[in-house]
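Take a look at the structure below.
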Amino acid sequence: MSPVTNFSDRVHPDTICLFDVDGTLTPARLVISKEMEETLVELRKKCVIGFVGGSDLSKQVEQLGPNVLKNFDYCFSENGLTAYKFGEQLASQSFIGYLGEERYKKLANFVLRYIADMDIPVKRGTFIEFRNGMINISPIGRNCSHPERNDFEKFDLEHKLREKFVTALQNEFPDYGLTYSIGGQISFDVFPTGWDKTYCLRHIEQENFKTIHFFGDKTFKGGNDYEIYTHPLITGHAVTSPLDTQKILEELF
Ligand code: M1P
């Protein structure tokens, strides 16, 4: 099959559907179902498709499959700070470029000290994950097991550890221009204010899509889908699960 270079093969070439990943295309941090894969293959015949997730590309490959760059027209990792169109990487900016080494060092030292003083049932490894467009901070550590991740989420719901951590960071670094976003189960993302999921829209601006659908599960204020879901250019869909996403797609297309 020859590679797609424009969208004229679609029934609605001026419509794009953008999807959050965790809780929208897949269960949180788990793998996409066969049914969802088939739904997306059919949808791609009708319109342009892309995903926009907070995670980095390697996690999205684990969840959406090794052919993710081929299966979506647009792949937006880290809110679009790492971006691909038709499998080709698009230009972007970096977190460290924005913050600078000195300010980052102060932030990282504060975070590691704060976590060292946290009394939580389990601690594993990778407390700060350094990505291109953001850092991800996890009090339990990113390489915990799946049961440990579920337990932490429950513990955090009760003790509000992440909320308190974010408040401490906001108080300590009021002049850094950073946004703290609790989007998943065990961590929160830290990125320059404005580099939320709306960042990805600058990569599709020149296509002049007439309709931009966005599907996400964390569309409430404070959720990491809120800014894009409420953006004036977006037709937003709040979903409760991947099955709900499929149901809404059936109704729409
Ligand atoms: O996609 C939502 C979030 O998924 C992960 O969060 P957690 O590991 O806490 O469940 C992270 O990759 C995070 O960056 C992302 O926003």
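General remarks:
- Pair list, Cβ under 8 Å, 6 or more apart: region 159-179 residue open to solvent by less than 70 Å² (accessible area, probe 1.4 Å), other residue acidic (D, E): R162/D156; T179/D196
- Of everything listed in (1) part of a loop (DSSP other than H, G, I, E, B); (2) open to solvent by 60 Å² or more (accessible area, probe 1.4 Å); (3) at pLDDT 95 or above; (4) away from the ligand (no atom under 14 Å from the Cβ), the single unmet condition for R124 is (4).
- Residue within region 184-200 that is modelled with pLDDT of 95 or more, open to solvent by 10 Å² or more (accessible area, probe 1.4 Å) and assigned to a helix (DSSP H, G or I) present: yes
- Scanning region 44-69 for residues that are under 28 Å from N208 (Cα atoms), open to solvent by 10 Å² or more (accessible area, probe 1.4 Å) and more than 16 Å from the ligand (Cβ to nearest atom) gives R44, K45, K46, N67, L69.
- Here D117 meets the list (1) touching a strand residue (DSSP E or B) at 6+ places or on another chain (Cβ under 8 Å); (2) surrounded by fewer than 12 Cβ atoms within 10 Å (Cβ to Cβ) almost entirely, failing just condition (1).
- Selected residue [crowded, with 20+ Cβ neighbours inside 10 Å, of a type in the set (A, V, I, L, M) and more than 18 Å from A28 (Cβ to Cβ)] from A108, A83: A83
- Scanning region 13-43 for residues that are open to solvent by 80 Å² or more (accessible area, probe 1.4 Å) and over 18 Å from D217 (Cα atoms) turns up K34, E35, E38, V41, E42.
- Just one residue in the set I248, I212 is at pLDDT 95 or above and outside any helix (DSSP H, G or I); that residue is I212.
The values are calculated or read from the model by the stated rules, or taken from the named source; none is laboratory data. Everything numeric here is computed off the predicted structure, so don't read it as measured data. In this analysis, Cβ positions are derived from the backbone assuming ideal geometry, glycine residues included, and neighbour counts consider all displayed protein chains. Just so you know, the surface numbers come from the protein's heavy atoms only, side chains and all, with ligands and any DNA or RNA stripped out. Shrake-Rupley method; radii C 1.70, N 1.55, O 1.52, S 1.80 Å.
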